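Visitor: If you scroll down you'll find the structure; I have some questions about it.
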Amino acid sequence: MVVQVIILIVGIYILGGVLFAVPFVIKGVTEVDEGTHGTKLGFRLIIIPGTIVFWPFLLSKWIKSNKKHD
Amino acid sequence: MSASYQAVLWNRQKKHYDWLIFAFCTSYLAVFTSVTLVYNPQVTFETLLIRSTSTLALLLLHVILSIGPLTRINKKFFPLLYNRRHLGVTMFCIAAVHGLFSILQFHTLGNVNPIVSLFTSNTRFDSVSAFPFQALGFFALVIFFLMAITSHDFWLHNLSPKVWKTLHMFVYLAYFLVVMHVLLGVIQYETNPVFVIILVLGSGALITLHLVAGFQETKKDNIKFHLQRESFVMVCDVNDIEEDRAKMFCLDKERIAVYKTDGKLFAVSNVCKHQNGPLGEGKVIDGCITCPWHGYQYLPHNGQSPPPFKERISTYDVKIEESKVWVNPVPYPEGTERPGAIITINQKEEMFV
Amino acid sequence: MIRPLRRRHLQIWSALCVLIPAGIVTAWFSIKRPLHNGVLQPAAAQALPNIIFSVEQKDYVVRLRSSDTLPEQLEWINKNILTVPSAVIYETVAGGEDVKSADLIGRIEAKGNYYFPLQRNSIKEKPKFILYDFIHEEIIDSLNFRP
């Protein structure tokens, strides 16, 4: 039972990561790290697994960088 | 360096390195398969795959973990470290095949979710010989996964070097989990003592290497420098340092690298901005101090990476008096230009006396 | 590497220097004893001449064999690949249900013939062999031998 609940939570977390990864690798990544301007598709693809795992951290970074620009 | 990212940084050396890894892995799998088929022709494809990938991943893990201390014991091993990340990602992929097929083979026959089955089918945590060893392997694989997906420099910069390094230090926990996974798994059910022998030799070699390297480094860090004058500390003789190389001294909290190049001495922080590599163990290439780990470069007189790169390290005052080298351990802000100390002909000639 | 990290490495490996040998010793001594001299691979042993008892199931044939000089032998012939890939055989006496108190005889997997030397005098004790899935901790089959 406990195992099922943990797996469900992890599953939801990863689903959130997958949804977040799409806009992030297209747009967000260049706002978070200026070194990523003009990077090619290969680089964007290679950071997807990490984005899915660390998405809450990257989301907060993205929000912060947006506030800075405003 | 950090001007702009690429998916994979391949140059000639790294390509050689990667082809070597690929050739080694494929020949290992081929030899393992042939030998098994000779001695056990009835073996199933899944079993063969699970066993060959498990042993290969374990072997690679031992190689990976021995590279660090080997470079600290002897500089000749630095080329191995240069592309260690590719070796790490390769090891994860092989271990992942082992994990995936083990779950398929052992946990997909029932009507329970395979991952749930992995954790619930055996709950004898109080037993040694029947311990749920598969869970240990699973957690080790999760650590390797996290390391593999963050192996790009993008993650080093964005997670911060401190978090990144901490995450990657978990490899030692993963290693311990893998060792226990083997000890409580295959060793409990196989008759062949070769598994135990290999594991004892492998872990014994790793422990010895790490302890030898670790104690050597601690000894270097704890060397006391007694001669002090006006906040300068005497560290060595000017002739102790080779041309285009450095010597390192731990005067305060962290090591300082004193480089000799182009008739001058320069003192800079020993810590590379990329991954904290030991700059003092590198050499001057094309007029730049070059980190032995991944080739990050800094100009000796100001600690700045040549444009377009932006890394900067601290610089220090250094002077020479009667062929003795004196360093002031108080750092200047990162990237501050310092004149260095000019080596006069007299000081050079003393070498031949 | 920075100094605190060097120190941390040394601490970790000092700990592993104790933990890993302790793990190896504990694991080695908890291996069920008969397995130390058991035989797993089909090619490594040959059938003894006399069949004392035989049981035939859908997927496997199990025989108790003997000779004049050698200890008794368990012959396990897998006619098909077992649906359970993680199977071991335990020997216990008639009525014994628990594998904890049983002797671990060996491991079987693919199709083929397996031969395991038996330690106890099985004929007199009416042995019982348990086919056990050690990953899922389930008894797959119990074979009672009553010669």
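Nothing in this text is a laboratory measurement; each read-out follows from the coordinates by a stated rule. As the structure is a computational prediction, the values presented were derived from the model and not from experiment. Note that we place each Cβ from the backbone using ideal geometry, even for glycine, and neighbour counts take in every protein chain shown.
Visitor: Per chain B: cysteines with no other Cys C-beta under 4.7 angstrom?
Guide: Cys with no partner Cβ under 4.7 Å: B:Cys25, B:Cys93, B:Cys236, B:Cys250, B:Cys288.
Visitor: By count of other Cβ within 10 Å, fewest leading, how are C:Val84, B:Val258, B:Val330 ordered? Don't skip to the end; give the middle numbers.
Guide: On the way: C:Val84 20, B:Val258 26, B:Val330 12.
Final ranking by Cβ density, sparse to dense: B:Val330, C:Val84, B:Val258.
Visitor: What size of dipole, in debye to the nearest 20, comes out for the protein assembly as shown about its Cα centre when the only charges are +1 on Lys and Arg C-beta atoms and -1 on Asp and Glu C-beta atoms?
Guide: Its charge dipole is roughly 580 debye.
Visitor: A follow-up question, please. Over 30 Å between C-alpha atoms is what I'm after, so list which of A:Lys61/B:Lys75; B:Lys253/B:Lys283; B:Lys253/B:Lys310; B:Lys162/B:Lys319; B:Lys219/B:Lys310 land there.
Guide: Numbers: A:Lys61/B:Lys75 39 Å; B:Lys253/B:Lys283 23 Å; B:Lys253/B:Lys310 25 Å; B:Lys162/B:Lys319 33 Å; B:Lys219/B:Lys310 34 Å.
Checking Cα-Cα distances, A:Lys61/B:Lys75; B:Lys162/B:Lys319; B:Lys219/B:Lys310 exceed 30 Å.
Visitor: What longest region of chain B stays clear of GluC sites (Glu not before Pro) that DSSP places outside H, G, I, E and B and that have at most 12 other Cβ atoms within 10 Å? Don't jump to the answer; show the numbers that get you there.
Guide: Details: sites that count: B:Glu230, B:Glu242, B:Glu243, B:Glu322, B:Glu337.
Of all site-free stretches, the longest is B:1-229.
Visitor: For the range C:11-19, take each phi angle, set θ = phi - 60°, evaluate the Karplus expression 6.51 cos²θ - 1.76 cosθ + 1.60, and give the result in whole Hz per residue in order, putting x for glycine and proline.
Guide: 4, 4, 6, 5, 5, 5, 4, 8, 5
Visitor: Using +1 at the Cβ of each Lys and Arg and -1 at the Cβ of each Asp and Glu in the range B:228-352, identify which of B:Gly340, B:Met234, B:Ser305 lies farthest towards the dipole's positive end.
Guide: B:Ser305
Visitor: If one computes the Cα centroid of the range B:131-160 and of the range B:59-95, what distance in Å separates the two points?
Guide: 16
Visitor: With θ set to phi - 60° and the Karplus curve 6.51 cos²θ - 1.76 cosθ + 1.60, what are the ³J(HN,Hα) couplings of the range B:205-211 in order, to the nearest whole Hz, using x for Gly and Pro?
Guide: 3J(HN,Hα) across the range B:205-211, in whole Hz: 4, 4, 4, 4, 4, 5, 5.
Visitor: Grab the Cα-Cα distance for A:Ser65 and A:Val3, subtract it from 0.36 nm times how many residues apart they are, and report the gain in nm with one decimal. Show your work: numbers first, answer last.
Guide: On the way: separation 62, 0.36 × 62 = 22.32 nm, distance 3.75 nm.
Length gained, A:Ser65 through A:Val3: 18.6 nm.
Visitor: In terms of Cα to Cα distance under 12 Å, which aspartates and glutamates are near enough to A:Lys67, apart from those fewer than 8 places away along the same chain?
Guide: Filter leaves A:Glu31.
Visitor: Here is a further query. Classify chain B as rounded, prolate or oblate, taking a ≥ b ≥ c as the square roots of the eigenvalues of its Cα gyration tensor: rounded when a/c is under 1.5, otherwise prolate if a/b is larger than b/c and oblate if not.
Guide: Details: a/c = 2.56, a/b = 2.41, b/c = 1.07.
Note, shape of chain B comes out prolate.
Visitor: Under 18 Å Cα-Cα from C:Lys126, which aspartates and glutamates qualify once same-chain neighbours fewer than 8 residues away are excluded?
Guide: C:Glu56, C:Glu72, C:Glu75, C:Glu91, C:Glu97, C:Asp98, C:Asp103, C:Asp141
Visitor: Report the FRET efficiency, 1/(1 + (r/R0)^6), for B:Thr218 and B:Ser160, where r is their Cβ-Cβ distance and R0 is 25 Å, rounded to 0.05. Show your work: numbers first, answer last.
Guide: Values: r = 26 Å, r/R0 = 1.05.
Once rounded, the FRET efficiency stands at 0.40.
Visitor: Per-residue ellipticity at 222 nm for the protein assembly as shown, helices alone: DSSP H runs ≥ 4 residues times -39500 (n - 2.57), over residue total, nearest 500 deg cm²/dmol?
Guide: Values: 19 runs with 260 residues, N = 570.
Value at 222 nm, helices only, nearest 500: -14500 deg cm²/dmol.
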